[in-house]
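Undergrad: So that we are looking at the same thing, I have put the structure below in structure tokens.
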Amino acid sequence: MKILIPENKKLVYETTITMRWGDMDAMGHLNNAAYFRYMEVARIDWFHSIGFPPNPQGEGMVIANAFCNFYKQFEYPCDVLTQMYVSEPGSSSFETWVTMAKSDAPDVICAAGGATTVWVDFVAQKSKPIPDYMRKILEK
């Protein structure tokens, strides 16, 4: 199943990740699991950049699901440009999207994925409404 990234989204973060030798699989290209790790790096770095690092004693964001569409291979050595987007928030969740391209060919998307992100109270282990200060970051 191919899930498409919507046109209506907001760019919130961009970073470059250097592919490591150990990120390759036996075929000599980026292992499929590493794509999810790169999306995680972009998401966690974005959380830190907006002042919401993971805090197991408070509240914050977790993902409920994740997907990735693979279009072109990354081969070592390579710097991967990741761009993180968000869509309009619901009451307690919002969609995050990540595109991945070679940093020397930023207009050629090699992979694109995303996740449903839920705002939670970590101690109570329950979702809760997205706070107003976070909603302002998410809205266009």
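Quick note: the coordinates plus some simple rules give every number you see, no bench work behind them. Everything numeric here is computed off the predicted structure, so don't read it as measured data. Heads up, the Cβs are rebuilt from the backbone with ideal geometry, glycines too, and the neighbour counts pull from every protein chain shown.
Undergrad: Would you confirm, using the coordinates I've provided, whether ASN32 is surrounded by fewer than 14 Cβ atoms within 10 Å (Cβ to Cβ) and under 17 Å from THR99 (Cβ atoms)?
TA: Details: surrounded by fewer than 14 Cβ atoms within 10 Å (Cβ to Cβ): yes; under 17 Å from THR99 (Cβ atoms): yes.
So ASN32 fits the description; yes.
Undergrad: Still on this structure: With respect to TYR13, is the statement that it is within 25 Å of TRP119 (Cβ to Cβ) and either part of a helix (DSSP H, G or I) or without any contact (Cβ under 8 Å) to a residue 12 or more places away in the chain (or both) true? So that I can check it myself, show each step before the final result.
TA: Working: within 25 Å of TRP119 (Cβ to Cβ): yes; either part of a helix (DSSP H, G or I) or without any contact (Cβ under 8 Å) to a residue 12 or more places away in the chain (or both): no.
Considered against the rule, which asks whether it is within 25 Å of TRP119 (Cβ to Cβ) and either part of a helix (DSSP H, G or I) or without any contact (Cβ under 8 Å) to a residue 12 or more places away in the chain (or both), TYR13 comes out as no.
Undergrad: Shifting gears a bit: Identify all residues within the stretch 64-83 that are closer than 14 Å to PHE36 by Cβ and not aromatic (Phe, Trp, Tyr); write none if there are none. Steps first, answer last, please.
TA: Going through the stretch 64-83, the residues closer than 14 Å to PHE36 by Cβ turn out to be 65-70, 74, 80, 82.
Matches in the stretch 64-83: ASN65, ALA66, CYS68, ASN69, VAL80, THR82.
Undergrad: Would you check which residues across the stretch 102-140 are loosely packed, with under 15 Cβ neighbours inside 10 Å and either within 17 Å of PHE52 (Cβ to Cβ) or of a type in the set (Asp, Glu) (or both) and list them? Quick ask: steps written out before the conclusion?
TA: If we filter the stretch 102-140 for residues that are loosely packed, with under 15 Cβ neighbours inside 10 Å, which is where we start, we get 103-108, 121-126, 128-129, 131-133, 136, 139-140.
ASP104, ASP107, ASP121, PHE122, VAL123, LYS128, PRO129, PRO131, ASP132, TYR133, LYS136, GLU139 - these are the residues of the stretch 102-140 that are loosely packed, with under 15 Cβ neighbours inside 10 Å and either within 17 Å of PHE52 (Cβ to Cβ) or of a type in the set (Asp, Glu) (or both).
Undergrad: Of all residues in the stretch 37-82, which are assigned to a strand (DSSP E or B), within 15 Å of THR96 (Cα to Cα) and in contact with a Phe, Trp or Tyr (Cβ under 7 Å, 6 or more places away or on another chain)? I'd like the intermediate steps shown before the answer.
TA: First pass over the stretch 37-82, keeping only residues assigned to a strand (DSSP E or B): 59-70, 75, 79-82.
After this cut, where a residue has to be within 15 Å of THR96 (Cα to Cα) as well, the list is 60-69, 82.
The answer is GLY60, MET61, ALA66, CYS68, THR82.
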